[in-house]
Structures are given as C-alpha cells and as structure tokens.
Amino acid sequence: MDPAWRQQGRGRGRGQPQGQASRPQRERATESANTPSGVWAGDGRGRGGDGRGRGGDGRGGDGRGKNTTGPTQLHPVNRGKNMAAPSQHAASSQSKFEEIRKSNQAAAQRLVQSQYSSSSDEDADDIVDDGGKVQVKDGKRGKILASALTTYTDQTGGDVTDLERTRQYLSDAFQSGAITCLICIASVKRNQAVWSCTGCFCLFHIPCIQKWAKDSVFLLSSVTDEDFGKKDHPWPCPKCRYEYSPSQTPSRYVCYCGKVQDPPLDPWLLPHSCGLVCDRALNPACGHRCLLLCHPGPCPPCPKMVSVSCMCSKATPVPRRCSNKPWSCQKTCGKTLPCKQHTCNSSCHSGVCQPCPRVSVQRCVCGQEEAERLCASPVWHCQQLCGRPLSCGNHTCERMCHSGLCGACPRSGNRACPCGKSKSSLPCTEDVPTCGDTCDKVMECGLHTCSMRCHRGACETCRQEVEKQCRCGKYTRVMPCHKEYLCESKCPNTRGCSRHQCRRKCCSGNCPPCDQSCGRSLGCRNHKCPSVCHQGSCYPCPETVDVKCVCGSTSLTVPCGRERTTKPPRCKELCRSPSSCHHASRETHRCHPGPCPPCRQVCLLALPRCQHPCPQPCHDQVMVKTSDRVLAGPWEQSAEPAFVRKALPCPPCLVPIPTACLGEHEVSPVPCHRRGPFSCQRVCGRTLTCGNHSCTKDCHRVTAATNKLQAGPECVVCEEGCVNPRPPGCPHLCPLPCHPGSCPPCQQMTRQRCHCKISLLYIDCLTFRSAEVESKADLGSCKNQCPKQLSCGHHCKDLCHPGHCEDKCSHRVKLKCPCKRIKKELLCYKARQDQTGIYY
C-alpha cells in the first residue's frame, strides 16, 4: 500500500483524472454535492480541482481556495450575487472548509488505524507499585510467548533454560525496531510479506530479497561469464553470505515453518506465524522434530529423554535429555595413548584422548642427537646434514636429517654436457667436459637461443635487437630483446567497477580490477563501504549498534543506521534521573526515554508569610502555555500551542486561622493568607446614643466604646424622628429628633369641630388632654345654641353640647280641645306625654 502522500493528489498537477477519485474522495464529493452554486464553483483558477490542487481531482473551487473534496460538479457562477453578499459568501466558505477539514482528518485517522506496525503499544507491560517496588507483569506479549512455548515446556517440566536464544527471537518479533530489513533499512511490519534466511534467520522483505538475488546474479554473470546469462550463479544472503541457487529465490510468502502460504495476520499469534506446530527436523539430527509452535529463529535443543551410557562406555546407561546425551562418569579413561607407553589419565571424556603430556629422551630421525621431548611427538629432525657416505664411497649425503636410505650418488651413471648435446660415462669423481658446440638453449625471452659455446651456468640475457610493440599496441621501437617496451600513454578505459578509469601506463586493454576503495556511503549513513570498488549496490552495513535505555541497563542490538529511528528498549529498572525540583528524590517509576513525568509529591515548602508547609502538588516544573497563534485565514491549520516549563509560585496559604470579626460578633476560621480582622457582613447592632436604635452599618471596627453594646464614633448617627409613644390623645409628633428619655409637653394647638359640628375650635393640646371629662365637654363647645332639631320639630335650646339632645322640649305650645272651644298652653314635652288633658 502506498503511503498517504502518494495516494490521491500527488502535489501540484499530479491528481487523478476527473471521475477517477478514490473512495474517500468520492465520499467527500457526495457530502459536498449540495454545495450552492457560486460557493465552490469557480472560474477554473482554484487550486483544488482536476489534478492541479493539493489532494483533489477537480479544478473547481471558490476561485482561489483549496478544494479537497474530489471531482465537484462545476456550476455556473453568479458573480453579481456573490458580490452583493460578500459576508454570506465568507460565512458559507468557512463552514464548508470546516466540514471538509473534519472529513480529511477522519480519513487520515482511519488510514493510520489500518496500518499495523511491529512496535505496538498493545504489548506494553503493566507496572504495579507495591510498597515502593516496581513490579512488571507480562501483558499480551507475555501470553503469546507462553502459548508458543507450551508444547516444549510440557516435555521439560517447565524448564526453559535451553530456550533463551529462541525466546530472544520471539521477543524481537514484538520489540520496537528489533526486526529491520537490512536491504532497505526499514522496519518489518506485521502485515508485510517476509523471507527468513536459513543460515542466520534474518528477515527481509520479499520484494527486497528478490531484487537483491536478481542483482547479485546479474553482476556475477556480467563479470565472469563469456556467454552472459548461461550459467546459474548462486546469490548470497546479505547478512551471513550463505549462498542460494537461483531456483531458491523466494517467490512466495510462507510462514516460518513453511506449512502455510500467505499466513493471515492474527493479533494473538506471532507475526508471520501460522500458529501450528513447527515440526521441523532438529539440528543436530537426532530423529526428533521441533515441538514449538511456528516460530522465527533456530529450533531449540531436543527435549526428549533417551537412555545413554557415559562417554567412556563404562557406566550403566541413564536417562538423559536427547540434546544433552554425552555425560561423564568422572572415572579415569585408561585408554592406551598413541605413544604405546602410557595410558590416558583424564576423566571420562568424548572423542580421541589428548596427546600424551609426559616427557622422554628421544633420538632425532638421523640418530645423531638426543633430546627431552613430549612423548606425544617422538619424530623430530635435527639441524645437521646427514653426512653418511653414499654408495659410491667418494661422496657423503648432503641432505638434512632424514629417515631411510640416502640413495645413489647423484654424479653416477651417464651424464650430459652443460648444453645436453653429448653424453659420457665417467667416474663420479670427474666432471663432464664441455662439448665445444653452440649452446642453443632457449633464452629467457623465449624467442632466441644462446649463441655461446657450450658452457656451465646460466645463459646470458638476450641482447639481440628486435622491433618491439608496446603493450597497448600504439607504438613500436627497435630495442634489446630482453627489455620490455612500455609507452607513456595512460589507459582511458573504465575499470570493472564502472566508476574509475584505468590510468595504467601502456595498458594492454585487459585492465586489472579496480584497486581503489569503494568509499560510498552505506545505507546506514554512518559508514562507508570498506570493500574494493565494485559494481552495483554495496552490501548492507555489517555493523550493529546497541540502543540503550536512559540508565544503560537494557540494550537492544539493531542494524547500524536504525539507532536514530528506534525507540529505546523497555527497561525494568527504576529511573535514576536526578530530581529536577526541590525534592531530594523523584517518585518511584520505571526507566523511560524523554523527560520524567511531573513530580506529584506534596510541595511542603515553607510559605513566605506564615511558614506553613505548602500542601499543593509540586509545581517547580509546570508546563505553561506561552502564546496563541493567530490564524491568517480558514485555510491555515491551527498549530499546537507552545508550552514551556516554568516554576510557579506557591498558592496562597489556606490553613484556617480562628479570627474575630471587626465588630467582635463571631470568631471564624479564616485562610491564613487573609488572616486579620475581617467584616462578617452582619449588621453592627450597637445601641446608638439615642438609646432607641442600633447601628445599621455592616460589621466594622469600633473604637472608644466602653462595652460591646455601646456604639462608637464610627457607627452611624441616628437621623430618625422621635419614636417614643405619645401621651394618650395627643396626635402630634415630638418636635425633637430621636432622643433618650421622655418627650417634652406638647405645645401645639388642636383644631377640632365643636359638638354641633359647625364651628372650628383651636384648643391647647396639653390643656385638652389633661382636662377632665366635663371640662373636655365644655372646651369642645362653641357656646352657641345647639342647632339640632328635636323629635317634636323644635330646635334644641341648650348650648352646644356633646351627645344627643335631651328630648324634653321646653317650648310652650297651644292646644285646643277637639271641639276647639278650650285653648290651653303647655310645655311641648308634656303635651306629647299627655295629650288628653285638654278635655278637662
């Protein structure tokens, strides 16, 4: 699968043709199908369209914006409408941009989640803090490893001492950066097809190893084959140089044991494993097969039990592990050594006995010298000539110390003259004379013969003048035959490395291999190729680098070049970084890369004002946001805010301190940083100088007060009127302001109607209130005749009086008898009481 940047919208002008958008783009195009015309439809100059935008397929847009929604239908543009409503256009563009940005982010998140990496956080170990000790519990990774080793441990009774190497391979399958393709120097992911070398068990991507094999065979054929490509040359493993034939070039992706082709990705199995029993023949061959589940790396030693005797075969057979069959009974071996004189004194052992360690006096081969030598090496040679007389009796053997006969005299028999043309039989004491003929031996030049008389010793050098051609064939010259003719011209041909010129003087055309160092940078970017200059790609860097944790206790060996991208290994030791705050030591946590987590211990620094210990978590190294970046427009992505570590001051002290309020109403706990007199917000309540009211101010400081109930000069001044009850009957208010004691006598005049309700009378209030009932009735009279009419129809003759008029009319009336003869005057009330009296 191509990386995200190589999928849709490959830069400016590299998008797919319109109508061929990828699935995410088609989805986004569907989402934007209801876009109003004039908002995303442009005049074709936008940077998000038919391949000229960044990540789009259509060339539409809002005229200048980045349309990333795929092939959007171009609508006619109503320019007048857009110009008439710019604010509506901007708001719609902003909302549509936010919608598309969220869609792109969701697609990118799905892409990231679909990728499986060899370094997964799922296999993180659980950390338990038990009384200050860090304990590590195996998580998902430990369960998978245990399941892969179950079949083996069942045979060994739980003993895993022979599985260390295999466990390391299994652990590396999960460890971040531990599995790296040495050809492309990239991580081997869980979902990628891989091939494992049978010699070093190193993993490679299948496309990488196929290209490596093809290039290796091609380069070897181009250098060694006269008939190019007709021979099957082997290709080597990039790491261990184990050779494979061309027919062994991997063409299929199989599991480690080779049973399953294209093994499915299972999160509960080892990556690239089929999950079945390995069942490969063990090495060294013992007839048994591997019991582990399909696994990387070599198979572990055979766990089967067999009955074997000791190495010297003297002890009774005992049951032993098949992978560890040889055992020693610790008895003396006793076998006869090759010297035939002594026996082996070593304890029971395997193989041939060690050479005899004892020393004895031994003669040399020729028998002239004796020396003390190891019994294990009886044959030795001295440094003297043999010196024994030969069969001729005239000469002695000139060979160094040797065994056997010296042989015949080398000067006996028929001997030839120095040139070899004549032979003669002479005694060994006489030399063969020269024959006097021409020597005619072929000289060192190989072209001419010696022209001297038969002579002893080597022939002279050839001095014949010949026309010689230089080695490169450009020039000729007449010169002595024994001399080589080399011109001064330098060979312009390129050597076999295809990089450097030959530059050898007078080169014959068969340029020698390049003797310069390759010197090209290897894939690791740390070293240069140390090989002699060559064709094709350099071999991967053979160096390895130990990526260590921060404390250095745990290390991970990775190929050179991967140390910059490999995460440090997980370490089970405690972090040893010194404290960066005022505390003497950090909280207990495991070794980790990067900065330590923030200190969560209680600060406990003495606060500056009160010396109480600070109860808040440590705040010496707090991440503080520095500034907010202002976006230039909706097209610009918001960046992460910048944070800096900063020591914050201790917060205000919150220890409660019992403190009385200003008005001494209560004693309440007050935070230490606000300690001191405070207002409890209650009403003061102190009695004012009037004695009738209290202070209405909120709780305040009071001075010059003799007790807690008396008001001070800081209290309010009473501005109320007198509130003392008035004497009974007095309707007037006290003319004095609020005062202590009784009010003065009322001096006002009371205006009221008289008893007959006709006249207004003004009466002194005090006189009226202090008068008796009769006097009040007299004071309330206007002294005029009462205007009220009696029931008889006459007016009351009494002066103005209270109450009802007395129904005793004193008017005199004349009455007549019924016959109207007698006429009599009577008082009115009497006349009404007895009207019959007129008859008498």
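Things to note:
- Whole-Hz couplings from phi, Karplus 6.51/-1.76/1.60, listed for the stretch 586-601; x for Gly and Pro: 7, 5, 5, 8, 7, 4, 8, x, x, x, 5, x, x, 5, 10, 6
- Think of a 1.4 Å ball rolled over the protein heavy atoms: the stretch 777-818 then has 65 Å² of accessible area per residue.
- Normalised per residue, the accessible area of the stretch 283-383 is 61 Å², obtained with a 1.4 Å probe and no contribution from ligands, DNA or RNA.
- Electrostatic tally near Thr429: other residues with Cβ closer than 13 Å to its Cβ, Lys and Arg +1, Asp and Glu -1, net 0.
- Theoretical FRET efficiency, 1/(1+(r/R0)^6), r = Cβ-Cβ of Gln354 and Glu543, R0 41 Å, to 0.05: 0.55
- Magnitude of the charge dipole, the stretch 537-627, Cβ model with Lys/Arg +1 and Asp/Glu -1, debye to 20: 240 debye
- The label-point distance for Asn724 and Ala376, in a model that sets each label 7 Å from Cα toward Cβ, rounds to 14.0 nm.
- Net charge of neighbours whose Cβ lies under 13 Å from the Cβ of Ile209, counting Lys and Arg as +1 and Asp and Glu as -1: +3
- When Rg and Dmax are taken over the Cα atoms of the stretch 320-426, they come to 25.0, 80 Å.
- Counting only protein heavy atoms and using a 1.4 Å probe, the accessible area of Phe218 comes to about 110 Å².
- Rel. contact order, % - alpha carbon contacts under 8 angstrom, at least six apart, the stretch 416-488: 21 percent
- With every protein chain in place, the stretch 393-479: carbon and sulfur % of accessible area (1.4 Å): 47 percent
- Accessible-area ranking of Glu772, Glu465, largest first, probe 1.4 Å: Glu772, Glu465
- Once all protein chains are placed together, Cys618 keeps about 20 Å² accessible to a 1.4 angstrom probe.
- For Leu688, the residues whose modelled amide H falls within less than 5 Å of its own, excluding neighbours fewer than 5 places apart on the same chain, are His693, Ser694, Cys695.
- Distant-in-sequence amide contacts of Arg399, defined by a placed amide H-H separation under 5 Å and a gap of 5 or more residues or a different chain, comprise Cys386, Gly387.
- Surface listing: Phe678, Phe204 arranged by accessible area from highest to lowest gives Phe678, Phe204, probe 1.4 Å.
- Under-5 Å amide H pairs with Leu761, H placed in peptide plane, nonlocal only: Gln752, Arg753, Cys754
- Percent carbon-and-sulfur accessible area, the stretch 487-549, ignoring ligands, DNA and RNA, probe 1.4 Å: 44 percent
- Apportionment of accessible area to carbon and sulfur, the stretch 720-769, percent (1.4 Å): 60 percent
- Lys, Arg +1 and Asp, Glu -1 on Cβ, resulting dipole of the stretch 485-553 about Cα centre, debye, nearest 20: 260 debye
- Ligands, DNA and RNA aside, Asp620 has an accessible area near 30 Å² when probed at 1.4 Å.
- Between the beta carbons of Ser580 and Cys610, assuming R0 = 25 Å, the FRET efficiency works out to 0.40 to the nearest 0.05.
- Accessible area per residue for the stretch 579-734, computed on protein heavy atoms with a 1.4 Å probe, is 66 Å².
- Accessible area, probe 1.4 Å, largest first, for residues Ile758, Ile183, Ile209, Ile822: Ile758, Ile822, Ile183, Ile209
The values are calculated or read from the model by the stated rules, or taken from the named source; none is laboratory data. Just so it is clear, the structure is predicted and the values come from calculations on it, not from any experiment. Neighbour counts are summed over all protein chains in view; Cβ atoms, including those assigned to glycine, are modelled from backbone coordinates with ideal geometry. Ligands, DNA and RNA are stripped out before the accessible areas are found, and what is left, the full protein with its side chains, is counted by its heavy atoms. Shrake-Rupley method; radii C 1.70, N 1.55, O 1.52, S 1.80 Å.
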